[in-house]
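Enquirer: Below you will find the structure I want to go over with you.
The values are calculated or read from the model by the stated rules, or taken from the named source; none is laboratory data. All values derive from a computational prediction rather than experimental measurement. Positions of Cβ are generated from backbone atoms using ideal geometry, with glycine treated the same way; all protein chains shown enter the neighbour counts.
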Amino acid sequence: MAEATTAPHDTDVASASGEADAAQRVRPPKLHPLLRFILIRIGISLILIWGVTVVTFLLTNLVPTDPVAAILGDRAAADPEIVAQTREKLGLDQPLLVQYFTYLGNLLQGDLGVSNQTRTPVLASIGQVFPASIELGIGAILISVILGLLLGLLSALKQNSLVDHAIRTLSLIGISAPTFWIATVAYFVFFFRLRVVPGAGRLDPWITPPPKVTGLYTLDSLLAGQMATFANALGHLILPSCVLALFTIGLLTRFSRSSVLDIIRLDYVTAAKAKGLPARTVVFKYIFRGALVPIITVVGLAFGSLLSGAVLTETVFAWNGLGQYAYRGATTLDLPVIMGVGLVIGIVYILVNFIVDLIYGFVDPRVRVR
Amino acid sequence: MRRLTRNFVAICSTLALTAGLAACGSGSDEAGGAGDTIVAETAFNLKTIDPHRQFEFTGSTIDSAIYQTALEFEDGDLTKPTDGLCSFEMSEDSKEMTLTLKDEDAKFSNGDPVTADDIVFSFERLQGIKGNPSFFLDGVKVKKVDDKTVTLTSAEPNPALPYILPNSSIGIVNSKVVKENEGTTDEKDGAEQFLNENSQGSGPYKVEKYDADSQVVLTANEHYNGPEPKYKRVVLRNVSAETQLTDIQSGQAQVAYDLNADQAKQIDESMGKISSLPSTRSLYIFNNADEKIGGPAADPNFRKAVMAAIDYDKLIDLAGKGSQRMASLVPNEFVGAVPKDEAPERDLEKAKKLLKEAGYDGEKVPFHYSSDQAVNGVDLAQLAETLQAQLKEAGINLDLKPAPSSTQLDGFRSAKQPMGIGTWGADFPDPTNYNVFIPGGDVADRVNWSEDPKLKKLADEAAKAKGDARDAAYAKLFKATTDTAVWIPLVQPVSTVAVGSSIEKFVSNADISFDFAKAE
């Protein structure tokens, strides 16, 4: 019918369809939803990173104290010539706006400035300490994900049983116990008393670190074929990773338990059980998969937090990572270090969230269509 | 469900097995044994190990092992400066010091001999680069007389110079190599980074690896002209005090610098020894003398009431065994120190009477201190709270104002704080280092204390005094300073070095807290 009514206007139709074709030729090809989704996320991430530079710079410079006071000793601080020279050397004699644009300009060239205290480039120092935090963060997140998800799942599947109560209590302890205390006690018990783990640091003091490739001692020693160094580095990694993981294990256990409990009551799970599917299939393919999306969010946030340094754990275990570096920068009012670490932590969070968003896109098609 | 439980148990077992295997492997050492390595631990405050720029404990500890100095202290006795690389002679008027290079074949770590040119360059670099320790040689003219002799001339009498030269900040560097690496004697100097990674000293050790955040590794200097150190390698690690305690107890570390009194008590003889030395630090209360800023603290009667209200014995308990009362800000072991038995005593009745005379009616007085700082194990936050409670008994109300050290220091230096806790570490062990606390001095300016004719007269007399009379003249000056109660000396803390049981012989004194080269 439609064809019959349009027949007398063939020419017009042809002309209209030609215009449409032309328009289609001019219009850029429609992007694949996933690619479009990724590009938008990249754009948002870049804006966020710029925002982080503004916030870190402003907050750091709003601290009501003079960084020169932290650099100079009592006698040098009393010499106006030395004070003025130091101020000029650090660029602190310039207006704040000029300082920001200088900072931004340097940043675009990969220059995060030089530590006011140690006169070493901040980027080089971060390059030195960040792999330590990454190694510790990966260790902790692996332990957390494995144990946290399994405990959460077990707890949900055995809801209101003794196992459930025990797991919930343990997870509550993990979340609420102060890290510094746990770390100190764990170090005392497992290193000093039981001697089942090595002491503080990333390696025994008399061992030379492996040649630097990634900065992760475990990986670098494997790459260099130094198996004894690898075992030593792994040994040193275990206790701080476990201590650091305690909080995230507790968090993931509680979160995955509640997420699984939400799913377990849904009709499609009841239907799967009614169909007589094996328990393993129901648990992992129906329940666990359905509960995964909110869990990914928590894992992402926890990983970001672990990567951005754990001051207390790093302090107790003499783990020279980003957390210790940041702490030292903050207590000595080392502005370039504070800004550099702030920026890196901001980027880590943005990157982790970006990756989490991408995983959403893959796991849940509704996200990328939206 | 059972399968899930089984899986869980299996995963836990795998993790535990990995841990066990790794722990077993941790005992091995790919880079050689630990036997010739000494591991020392401290909470770093390291900025640099360029001797002419460093001014903190960690840098000084490292440079003491790397650089020799023109003069030293005899067996660590801070009252007896003696020959180092040079012998010395002071002119009658204390204006000229002659240094003569000794024939002891001192050599830098690259084998170059130490020359008079190196001494002149080192002194001039210290002065010219305008770093933290540049003030040591303020107003001193350095001149090479011949290949063995250098003179140091001051416009004013400088009797403190022999006490200044042993400082590790005045270490002698290899001028030829430093100059080749952007070293100059003015502000254009660019050798700091080079010196951090390539030490140029003639001491028992040289730097192998420098990381200002985690650890510094030293190795023996094969050209050192003294006895060969038993420990060929020194690893100085950045470790918190809590971890240092466990590491000393377990034998993981051989030296720990930062244990407080309570922690030191936990080291028994099987684990190690505690070397307790009088520190060169003074803890005191400062009172702002400007009425507009200091409020009640500007009133001498109020200040004296504060001095009489403090329970000094309890402060000694807080600072730990080995800490001492102080009758002035000058540490008890220094020339010019006021005898301990003249230290202020607690007298609450006297304090209340003085408060009445001051017309103080209980208003709150802001009391500033660094909340994140511990001085030789004395936590300043704890000290402030203790003082608040003690002064409350006399009716004095302190309003505690904690702040991070850098913020606190800035506030104190800008002379805007009415009252608070101050700390002073001796730059050199001579009473002239404490002239900054008398009116006209830099630190006195921070409490707006600009004049006191009586103290000025005593200071002039002390500057002219010589020999034993000098000691007495400075003691008189600083006793009179304490009597004003602008500065109220609290305690001289103890410097504690814990040494692990694997070290049988060691030298630890007030000059060098632990001598790595002499440890056996």
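Enquirer: Going through segment A:104-123 one residue at a time, which ones are farther than 18 Å from A:ASP66 by Cβ and either modelled with pLDDT under 85 or of a type in the set (Ser, Thr, Tyr) (or both)?
Expert: Within segment A:104-123, A:THR118, A:ARG119, A:THR120 meet the criteria.
Enquirer: I'd like to verify a number: residues in segment B:486-509 that are assigned to a loop (DSSP other than H, G, I, E, B) and either crowded, with 20+ Cβ neighbours inside 10 Å or of a type in the set (Val, Ile, Thr) (or both), how many?
Expert: Number of matching residues: 5.
Enquirer: Let me ask something else. Go through segment A:146-181 and give me each residue that's over 30 Å from A:ASP262 (Cβ atoms) and within 13 Å of chain B (Cβ to nearest Cβ).
Expert: Selection gives A:PHE180, A:TRP181.
Enquirer: Ok, one more. Take the residues of segment A:67-94 that are assigned to a loop (DSSP other than H, G, I, E, B) and touching a residue at least 24 places away in the same chain (Cβ under 8 Å): which is surrounded by the fewest Cβ atoms within 10 Å (Cβ to Cβ)?
Expert: Residue satisfying both the conditions and the ranking: A:LEU92.
Enquirer: Another question, then. Out of A:ILE287, A:ILE296, which single residue is crowded, with 18+ Cβ neighbours inside 10 Å and either free of Cβ contacts under 8 Å to residues at least 40 places away in the same chain or not basic (Lys, Arg) (or both)?
Expert: The conditions single out A:ILE287.
Enquirer: Considering only residues that are part of a strand (DSSP E or B) and surrounded by fewer than 19 Cβ atoms within 10 Å (Cβ to Cβ), look in segment B:387-402 and name the one that is farthest from the other protein chains (Cβ to nearest Cβ).
Expert: The qualifying residue farthest from the other protein chains (Cβ to nearest Cβ) is B:ASN397.
Enquirer: Inside segment B:368-392, can you point out the residues that are small (Gly, Ala, Ser) and under 17 Å from B:THR280 (Cα atoms)?
Expert: Once the filter is applied, which keeps residues that are small (Gly, Ala, Ser) and under 17 Å from B:THR280 (Cα atoms), segment B:368-392 yields B:ALA374, B:GLY377.
Enquirer: Could you tell me whether B:GLN254 is within 14 Å of another protein chain (Cβ to nearest Cβ), surrounded by 23 or more Cβ atoms within 10 Å (Cβ to Cβ) and in contact with a Ser or Thr (Cβ under 7 Å, 6 or more places away or on another chain)?
Expert: In short, yes.
Enquirer: Do the conditions hold for B:ASP452, that is, is it acidic (Asp, Glu) and within 14 Å of chain A (Cβ to nearest Cβ)?
Expert: Criteria not met by B:ASP452.
Enquirer: Can you pull out the residues in segment B:329-371 that are in contact with a strand residue (DSSP E or B) (Cβ under 6 Å, 6 or more places away or on another chain) and in contact (Cβ under 8 Å) with a residue 40 or more places away in the chain?
Expert: B:LEU329, B:PRO331, B:ASN332, B:GLU333, B:VAL365, B:PRO366, B:PHE367, B:HIS368, B:TYR369, listed by residue number.
Enquirer: Against the condition touching a residue at least 60 places away in the same chain (Cβ under 8 Å) and within 27 Å of B:SER169 (Cβ to Cβ), how does B:PRO431 come out, does it pass?
Expert: In short, yes.
Enquirer: While we're on this one: Scan the strands (runs of 3 or more DSSP E) fully inside segment B:50-155 and keep the ones with 2 or more residues being among the basic types (Lys, Arg), in the same structural domain as B:ASP211 (by the TED database) and modelled with pLDDT of 95 or more.
Expert: B:140-144
Enquirer: Quick one: what pairs do we get from segment A:150-173, first residue in contact (Cβ under 8 Å) with a residue 60 or more places away in the chain and of a type in the set (Lys, Arg), second surrounded by 22 or more Cβ atoms within 10 Å (Cβ to Cβ) and assigned to a helix (DSSP H, G or I), C-beta under 7 Å, 6+ apart or different chains?
Expert: Taking only residues 6 or more apart or on different chains, the pairs are A:ARG168/A:SER155.
Enquirer: Since A:ILE263 meets every condition but one in (1) closer than 26 Å to B:ASP213 by Cβ; (2) part of a helix (DSSP H, G or I); (3) β-branched (Val, Ile, Thr), which condition does it not meet?
Expert: Among (1) closer than 26 Å to B:ASP213 by Cβ; (2) part of a helix (DSSP H, G or I); (3) β-branched (Val, Ile, Thr), the lone unmet condition for A:ILE263 is (1).
Enquirer: Condition first: more than 16 Å from A:GLN117 (Cβ to Cβ), out of contact with any helix residue (DSSP H, G or I) (no Cβ under 9 Å at 6 or more places or on another chain) and within 14 Å of another protein chain (Cβ to nearest Cβ). Now tell me which residues in segment A:57-103 satisfy that.
Expert: A:LEU62, A:PRO80, A:GLU81, A:ALA84, A:GLN85, A:GLU88
Enquirer: Can you give me the number of residues within segment B:410-428 that are of a type outside the set (Phe, Trp, Tyr), surrounded by 23 or more Cβ atoms within 10 Å (Cβ to Cβ) and assigned to a helix (DSSP H, G or I)?
Expert: So the count comes out to 0.
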